[in-house]
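The values are calculated or read from the model by the stated rules, or taken from the named source; none is laboratory data. All figures in this text were calculated on a predicted structure; none of them were measured in a lab. FYI the Cβ positions are ideal-geometry reconstructions off the backbone, even for glycines, and counts take in every protein chain you see. Surface areas here come from the heavy atoms of the whole protein model, side chains and all, with no ligands, DNA or RNA. Shrake-Rupley method; radii C 1.70, N 1.55, O 1.52, S 1.80 Å.
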Amino acid sequence: MRSARAAIRAGIVIGLCGALLVGCGSGDEPEGDRASGSKGTTGTKEPTGTEGTTGAEGTTGPSSGPSAATSGDGPTGSTGSAGSAGSEGGDKGGTASGEPGGTAAPDATPAPDTTPTPDFVADPALVPRNRAEALTLARAVITRPTEYGRGYGKGTPYESDPGDWNVLDTSCNWQREGLPRTVLASFTRRGQLPASGAKGLVRISSTVTVHRTTSQADWEMAETLEEALRCPDQRLGGSERVQQLMSLGSAFGQSANLTADDSLMERGEFIDESGGGAPAHYAWNQSRLGTVTVSVVVKGGKGHTSLELTTAQIQAMTSMVNRLKNALGGTE
């Protein structure tokens, strides 16, 4: 399973680095609702049922991922680089200049492993083991509408059924399905900033998904990241869709991810065909801590800047990650 995840990560990260014009592993990228978030209003991209992280274990943390029958809202790690080959001179002995005779140069001392590792470890006794515990945790962690920012209130529908989630089908349409056996609960809350004056409606939602095992949560992350490659244009449901999607994920310590085991972001354009069809800001972020993923998706409206909407998204992600750490009572 680990080798399969590595293969997915390697292929996706290599392709996305060029597509997004960012330096892989250098630490500069962020943010998005699906398996841990929802993408729409007639098909929310809530936990799109598949698991994995096209990424190492550790995104963007708020970065820093998203009910399909009627609503849909809208999922890394990088591969290590090969070590450099040793120089010929050192292998052949002799002096430092490579001349015959003299004392062979001592082997270089291996450099210590400086790869950062997550600094949060959950208390095993507080990790949910059944559906009831999982839903209790999800309700405790999920974002409250006012945490998105001033003027935000409850969206419609406000809460999802924690017993199902959205799945992206082979035609790139989001469909509502029951939870797989590997998922204990997936819970979404929706918020909105009403249209006012020259500014249009903003839709935003947060999702908490609790898996039975860390590996299964890891797979959700991987498959979510892959979905943007498989379906860069997606139908959320009703009149809503997203297009030109790109995804990128970061393990802990990469791309400024210092808050979660794994993090990923998705960017693209949101279009509501019932509102004129003009492209608007779309962003989705998802983070994983152990067996739990949290995500926030923002579907912008006319007149709202990306900075304004990103701020709302980061506030929601930050509040959920902090509450999740407190709820799991781990060590840092």
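Odds and ends about this structure:
- When residue 243 is tested against the conditions (1) at pLDDT 95 or above; (2) out of contact with any Asp or Glu (no Cβ under 7 Å at 6 or more places or on another chain); (3) not in a loop (DSSP other than H, G, I, E, B), the lone failure is (2).
- Residue in region 100-107 that is at pLDDT 50 or above and either surrounded by fewer than 12 Cβ atoms within 10 Å (Cβ to Cβ) or not in a loop (DSSP other than H, G, I, E, B) (or both) present: yes
- Flag for residue 91 being open to solvent by 90 Å² or more (accessible area, probe 1.4 Å) and at pLDDT below 90: yes
- Of the listed requirements (1) within 21 Å of residue 314 (Cα to Cα); (2) buried (at least 16 other Cβ atoms within 10 Å of the Cβ); (3) of a type in the set (Phe, Trp, Tyr), residue 158 misses just one: (2).
- Residues in region 149-177 that are in contact with a helix residue (DSSP H, G or I) (Cβ under 6 Å, 6 or more places away or on another chain) and at pLDDT 95 or above: 152, 153, 154.
- Some residue of region 214-233 being in a strand (DSSP E or B), in contact with a Leu (Cβ under 6 Å, 6 or more places away or on another chain) and modelled with pLDDT of 95 or more: no
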